[in-house]
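A short worksheet on the structure shown next.
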């Protein structure tokens with residue numbers, strides 16, 4: 001089957017065989033890419049209209065017990081930015097983000113040994129406080145935690161659990177996430193879903209993976225029934241074993257976004273401001289994204305993940321900064337009640 005016929009089938013059925021996905025991923029034909037992106041936009045419009053959701057990002061601890069080879073905040077990186085925000089700082093930042101118009105607060109952190117030691121008591125309380133004081137949904141990204149902690153976060157009504165596999169190639173996973181267990185990571189997501197939480201799954205590209213690896217991931221992530229899926233291009237980080245890798249362009253990321261939209265038409269798919277900043281927003285939205293994430297208040301002292309400082313203090317990674325770009329595309333930042341309505345209907 002020709003690539004254009006595969007895209008038309010995908011847009012109609014939301015189904016594709018592995019070899020069909022590989023064919024799209026490997027194609028260098030511009031007309032094929034144009035059709036892929038147009039089909040993804042049409043699908044997004046069919047399910048979401050002109051709404052784009054916005055997520056406030058609070059990376060409140062950059063300490064981590066893990067030594068992931070790709071991550072700037074890996075345990076042994078002596079050149080990274082280290083800080084812990086206390087609860088009142090986090091709540092103040094979350095309130096500022098809420099007032100600016102975000103639809104969700106994303107509580108992101110490394111696998112902080114101090115939080116593991118205290119049993120995540122302060123983070124559990126933060127979820128309660130954000131619900132009580134700010135009345136916005138919460139996404140947690142604590143890494144791999146026990147079944148008992150997942151159950152407790154679910155009892156506290158943490159709506160989203162974000163835990164990215166990065167790759168479904170087990171050998172590549174071992175190289176990326178040193179001394180971590182592929183199946184344990186998958187189990188945590190499945191457990192959280194069983195407890196009633198929405199799941200965000202994610203992969204990276206530009207790590208040396210093949211088109212076959214990507215196709216496997218796109219199909220396999222259905223196992224965790226994710227409500228939000230994402231892809232980010234790897235950015236080499238100073239002080240890490242992968243610092244000297246050749247940076248890749250973002251063409252593959254955009255193709256993957258579009259295929260995600262066609263395979264999972266009802267899913268939320270983020271356009272992260274953490275890779276190319278505000279200048280990369282339009283291409284990701286035009287590939288089918290319907291969420292803007294990594295929105296960070298200027299001068300808040302927060303770091304990003306892939307690009308720790310890009311566009312932060314200039315104010316471009318804000319709701320005010322993204323709104324003109326979205327409006328120019330005929331889109332708008334959604335209202336809080338629209339996001340909460342999506343949550344009710346999605347579950």
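Coordinate-derived values only; no laboratory data. As the structure is a computational prediction, the values presented were derived from the model and not from experiment. Neighbour counts run over all protein chains shown; Cβ positions are idealised from the backbone, glycine included.
A compact table of results
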| quantity | calculated |
| --- | --- |
| Boolean, residue 327 is in a loop (DSSP other than H, G, I, E, B) and free of Cβ contacts under 8 Å to residues at least 60 places away in the same chain | no |
| Residue 168 being surrounded by 21 or more Cβ atoms within 10 Å (Cβ to Cβ) and assigned to a loop (DSSP other than H, G, I, E, B) | yes |
| Qualifying residues in the range 319-328 (those that are farther than 15 Å from residue 270 by Cα and touching a helix residue (DSSP H, G or I) at 6+ places or on another chain (Cβ under 9 Å)) - the one surrounded by the fewest Cβ atoms within 10 Å (Cβ to Cβ) | 328 |
| Residue within the range 218-236 that is surrounded by fewer than 17 Cβ atoms within 10 Å (Cβ to Cβ), on the phi < 0 side of the Ramachandran plot, in a loop (DSSP other than H, G, I, E, B) and out of contact with any helix residue (DSSP H, G or I) (no Cβ under 8 Å at 6 or more places or on another chain) present | yes |
| Qualifying residue in the range 174-187 (condition: part of a helix (DSSP H, G or I), in contact with a strand residue (DSSP E or B) (Cβ under 7 Å, 6 or more places away or on another chain) and closer than 29 Å to residue 242 by Cα) | yes |
| Search result, residues across the range 177-205 that are over 22 Å from residue 154 (Cβ atoms) and crowded, with 21+ Cβ neighbours inside 10 Å | 177, 203, 204, 205 |
| Residue list for the range 29-40, filter: surrounded by 18 or more Cβ atoms within 10 Å (Cβ to Cβ) and either under 20 Å from the mean Cα position of the chain (by Cα) or not in a helix (DSSP H, G or I) (or both) | 37, 40 |
